[in-house]
Each structure stands twice: as C-alpha cells, then as structure tokens.
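Here is the structure we will look at.
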Amino acid sequence: MDAPVTPVAIDNDHQNPSKHLPSQKNTSKVVEMAERFAFYGLAGNLITYLTNNLGQPVAAAAKNVNTWVGVSAIFPILGAFVADSYLGRFKTILASSSIYFLGMVLLSLSVSVIPTHSRKPVFFTALYILAIGEGGHKPCVQTFAADQFDENNPEEKAAKSSFFNWWYLGIVTGASVAIVVVIYLQDNVSWAAGFGVLAGSLAVALALFLIGMKRYRKQRPTGSPFTRVAQVFVAAARKWRLT
C-alpha cells in the first residue's frame, strides 16, 4: 500500500522567504475582512429587501434567508475537500473569491439594470453563486494565512499568535462596518449603491491577493482522503485473508 502523501510547503522566494512575510499575511487578512464585510452587508438587510422590493411575506423571506445561510454553511465542507484533495488552498481561494465577486456583481445588477419582472430569479441565482464562493473561501483563507508562517523560524512563530489576534479584530471590524455603513446606503441611497460597495470591496481584496501570488508559501494538495481510507480497508482485507 502506498504511503499517504504528506503536504509539502513550496517556498517561492528561495533566497529570503521571510522578507515578504508582511504582504503574504496581510493580503490574506484583507481577503477575509472583505468577505466578512460583504457577507454581513448582504445578510444584515436581506429580509428587508425581500419583503419591500420583491414583495415576499415576512415568513417566506425569513425562510429564504435561513435556507441561503444554511447552504452557505454546508458548502465549506465541499470546499475543504476540493482544496485538500485537488486544487490546494491558494487556487481554491482564488477561484472562490472570483466566484464571490461575480455573484456580488450579478446581485448589484439584479437590483438596478435588470428589468423588474426578471429580478427575482436573477437575485436568487446571485445569492447561491455567493454561497458557492463562500464554500471555497471559508475553509481555506485562515489556514492559508497560517501557512505563511514558518514554524521553524522563531521570529515568524512568535508573530503568528499576534497575527491571529489582529485577524479576529479584522473580522469584527469588517462585519461591524458593513452593518452600519452598507445598511445605511441601502436604506438611504439605493440598494444598488449598497451592493456595489460590497462588490467593490471584493474586487480590491481579490486584486491585492493576486498581487502577492508569487510570494506565497503554498501547500500541495494531499489527494482524496477517501482514497486513503479505501487503501486502509484494502490492506486490512489482505491481512485478514493471510491470517
């Protein structure tokens, strides 16, 4: 039976990997802040849009929001599997962030240029595109940020704990600003302006993430865990036959 493949870090700066550490870790932090900003900026006022603009009863709107939130919470299981087995964390974050951004752009268009009679299907399509983006983003970004710290480097190892304190502060800040600023724009300017700000934040975060793409420490995917589980059962069956 083949031995399981162990993840191997790929260091793209062979001469001095630690010199790029600030940009490596901070771009991941910006991506996470932008995602939380976008998620709470959307979820915080979603029932209001469904009832006031799409004409749904409160009960139906609440059901739709809960369903969307539930799907968004389930998709990260699939995203983690894809990242660990096939794409790796970097490619999964890149793909999911792009999907997230496209979903938010479609959402912005659905409340502005899309004809009124066609808005509902476009709006819900955009919502579930966002859920797919959430599925790839959620399980990977924090772990990818941790990959940027070399556990064998005392300076980087010491900085890791402090970094994640700031990481959680960034999450809270992004969510809080979204609830205050974006909901104000949605209620007092326009829904298109509110969703447009969310799309813009995702675009900036994606651009910053791409700028640092050659500097990241990346982990190779380990292959499907189901394959390794199957190998264990096959090996056990062979031993059972021999005894």
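Looking only at the range 113-142, which residues are among the charged types (D, E, K, R), surrounded by 20 or more Cβ atoms within 10 Å (Cβ to Cβ) and part of a helix (DSSP H, G or I)? Spell out the reasoning first.
Our first condition is that a residue be among the charged types (D, E, K, R); within the range 113-142, this holds for 119-120, 134, 138.
Applying the additional criterion that residues be surrounded by 20 or more Cβ atoms within 10 Å (Cβ to Cβ) yields 134, 138.
Hit for the range 113-142 is E134, nothing else.
Find all pairs meeting these conditions: Cβ atoms under 9 angstrom apart; at least six residues apart or on different chains; first residue within the range 67-80 and closer than 13 Å to S96 by Cα; second residue basic (K, R) and surrounded by 13 or more Cβ atoms within 10 Å (Cβ to Cβ).
Pairs found: S72/K138; F75/K138; P76/K138; G79/K138; A80/K138.
Of all residues in the range 114-161, which are closer than 22 Å to S72 by Cα and of a type in the set (F, W, Y)? Lay out the reasoning, then the answer.
Step one: filter the range 114-161 for residues closer than 22 Å to S72 by Cα, giving 119-145.
Scanning the range 114-161 gives F123, F124, Y128, F144.
Yes or no: the range 71-88 includes at least one residue that is within 22 Å of the chain's Cα centre (by Cα), surrounded by 19 or more Cβ atoms within 10 Å (Cβ to Cβ) and polar (S, T, N, Q).
Yes, the range 71-88 contains a residue that is within 22 Å of the chain's Cα centre (by Cα), surrounded by 19 or more Cβ atoms within 10 Å (Cβ to Cβ) and polar (S, T, N, Q).
If I filter the range 143-166 for residues that are assigned to a helix (DSSP H, G or I), among the polar types (S, T, N, Q) and at pLDDT 95 or above, do I get at least one hit?
Step one: filter the range 143-166 for residues assigned to a helix (DSSP H, G or I), giving 143-147, 154-166.
Then drop every residue that is not among the polar types (S, T, N, Q), which leaves 143, 161-162, 165.
From what's left, at pLDDT 95 or above: none.
For the range 143-166, residues assigned to a helix (DSSP H, G or I), among the polar types (S, T, N, Q) and at pLDDT 95 or above: absent.
Looking at K29, K63, K19 in this structure, which one is at pLDDT 50 or above and closer than 30 Å to L208 by Cβ? Before you say what the answer is, go through the steps one by one.
Working: K63 fails: closer than 30 Å to L208 by Cβ; K19 fails: at pLDDT 50 or above.
Criteria check complete, one pass: K29.
Taking T67 as the residue in question, decide whether it is over 18 Å from A207 (Cα atoms), touching a strand residue (DSSP E or B) at 6+ places or on another chain (Cβ under 9 Å) and either surrounded by fewer than 20 Cβ atoms within 10 Å (Cβ to Cβ) or not aliphatic (A, V, I, L, M) (or both).
Details: over 18 Å from A207 (Cα atoms): yes; touching a strand residue (DSSP E or B) at 6+ places or on another chain (Cβ under 9 Å): no; either surrounded by fewer than 20 Cβ atoms within 10 Å (Cβ to Cβ) or not aliphatic (A, V, I, L, M) (or both): yes.
So T67 does not fit the description; no.
Would you call S98 polar (S, T, N, Q) and part of a helix (DSSP H, G or I)? Walk me through it before giving the result.
Details: polar (S, T, N, Q): yes; part of a helix (DSSP H, G or I): yes.
So S98 fits the description; yes.
Here is a check on your reading of the model: is S108 surrounded by fewer than 19 Cβ atoms within 10 Å (Cβ to Cβ) and either touching a residue at least 24 places away in the same chain (Cβ under 8 Å) or in contact with a strand residue (DSSP E or B) (Cβ under 6 Å, 6 or more places away or on another chain) (or both)? Before you say what the answer is, go through the steps one by one.
Values: surrounded by fewer than 19 Cβ atoms within 10 Å (Cβ to Cβ): no; either touching a residue at least 24 places away in the same chain (Cβ under 8 Å) or in contact with a strand residue (DSSP E or B) (Cβ under 6 Å, 6 or more places away or on another chain) (or both): yes.
Spelling it out, it is not the case that S108 is surrounded by fewer than 19 Cβ atoms within 10 Å (Cβ to Cβ) and either touching a residue at least 24 places away in the same chain (Cβ under 8 Å) or in contact with a strand residue (DSSP E or B) (Cβ under 6 Å, 6 or more places away or on another chain) (or both).
The values are calculated or read from the model by the stated rules, or taken from the named source; none is laboratory data. Computed from a prediction, not measured in an experiment: that's the story for all the values here. As a convention, Cβ positions derive from the backbone with ideal geometry for all residues, glycine included, and neighbour counts pool all protein chains shown.
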